[in-house]
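The values are calculated or read from the model by the stated rules, or taken from the named source; none is laboratory data. Keep in mind that what you see is a predicted model, and the values were worked out from it rather than measured. Don't worry about glycine lacking a Cβ; one is built from the backbone with ideal geometry, like all the others, and counts go over all protein chains shown. Surface accessibility is based on the protein's heavy atoms, side chains included, excluding ligands, DNA and RNA. Shrake-Rupley method; radii C 1.70, N 1.55, O 1.52, S 1.80 Å.
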Amino acid sequence: PEQFRRYREVEIKHGRVAMAATLGYIVAETGLRWPAALTLDGSVSFSDIPNGIAAIPAIPGLGWVQIVFLVGCLEAGPLAQSEDAAPGDLGWKYFGVKYEDGDVKADKLNKELSNGRLAMFGILGMLVEDKLTGSFLPLGVPGVDQMTL
């Protein structure tokens with residue numbers, strides 16, 4: 001039972017990250033970027049960073065340090081799972097709504113779990129497609145002419 005609880009916590013967390021990643025991937029593909037510099041000296045801006053897998057080497061090393069530090073702080077602080085709460089329940093209102101325990105809350109959590117599972121497959125598919133074609137759009141979509149490896 002305790003191991004299952006841990007697996008469920010991790011599944012919900014990964015699902016939430018995958019949902020955010022899927023949305024972020026699509027929004028970034030439209031060309032929407034933060035209008036700011038990525039580095040302190042202003043030599044690299046957010047608009048200079050490509051979308052998808054190509055962004056990994058384009059982000060400066062200190063940027064990765066900041067990302068890892070922020071994730072660590074969030075995991076240890078406001079996003080820490082308390083032992084007495086249900087898996088995934090951080091005690092926050094979501095979009096201004098906090099559901100009391102019951103059928104409605106169980107239904108919403110099951111929907112979140114299902115959407116998270118779908119998003120995990122979705123972001124995985126987009127990353128594979130990006131690796132194969134250079135775009136997360138499948139072959140046959142206008143603008144994606146041929147596969148390049």
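A few remarks follow.
- At most 12 other Cβ within 10 Å, DSSP loop - GluC sites (Glu not before Pro), segment 39-127: 83, 100
- Whole-Hz ³J(HN,Hα) from phi, Karplus 6.51 cos²θ - 1.76 cosθ + 1.60, for segment 55-71, glycine and proline x: 6, 4, x, 7, 7, x, x, 5, x, 5, 4, 5, 4, 5, 5, 4, 4
- Between amide H atoms placed 1.01 Å from N, distances below 5 Å from residue 45 occur with 38, all of them 5 or more places distant or on a separate chain.
- A Cβ-based charge dipole, computed about the Cα centre of segment 23-104 with Lys and Arg at +1 and Asp and Glu at -1, lands at about 440 debye.
- Cβ charges +1 (Lys, Arg) and -1 (Asp, Glu), total dipole of segment 72-131, debye: 220 debye
- Viscosity 0.692 mPa s, 37 °C: Kirkwood-radius Stokes-Einstein D of segment 50-125 over Cα pairs, µm²/s: 211 µm²/s
- Convex hull volume of the C-alpha atoms in the chain, normalised per residue: 168 Å³.
- At 1.002 mPa s and 20 °C, Stokes D of segment 1-85 from Kirkwood alpha-carbon radius, µm² per second: 140 µm²/s
- Given charges at Cβ of Lys, Arg, Asp, Glu: segment 1-103 dipole, positive-most of 94, 81, 65: 65
- Average accessible surface for the chain: 72 Å² per residue, computed with a 1.4 Å probe over protein heavy atoms with every protein chain in place.
- Surface share of carbon and sulfur [accessible, 1.4 angstrom probe, percent] for the chain: 67 percent
- Backbone geometry of segment 113-119 corresponds, through the Karplus equation with coefficients 6.51, -1.76 and 1.60 at θ = phi - 60°, to 3J(HN,Hα) couplings of 4, 5, 5, x, 4, 5, 5 Hz, x marking Gly and Pro.
- Between segment 88-123 and segment 27-51, the C-alpha centres lie 31 angstrom from each other.
- Dividing the summed helix terms, -39500 (n - 2.57) for each DSSP H run of n ≥ 4, by the number of residues in the chain produces a 222 nm estimate of -18000 deg cm²/dmol to the nearest 500.
- Working note: Karplus 6.51/-1.76/1.60 with θ = phi - 60° gives segment 31-39 the couplings x, 6, 9, 5, x, 8, 8, 8, 10 Hz, where Gly and Pro are set to x.
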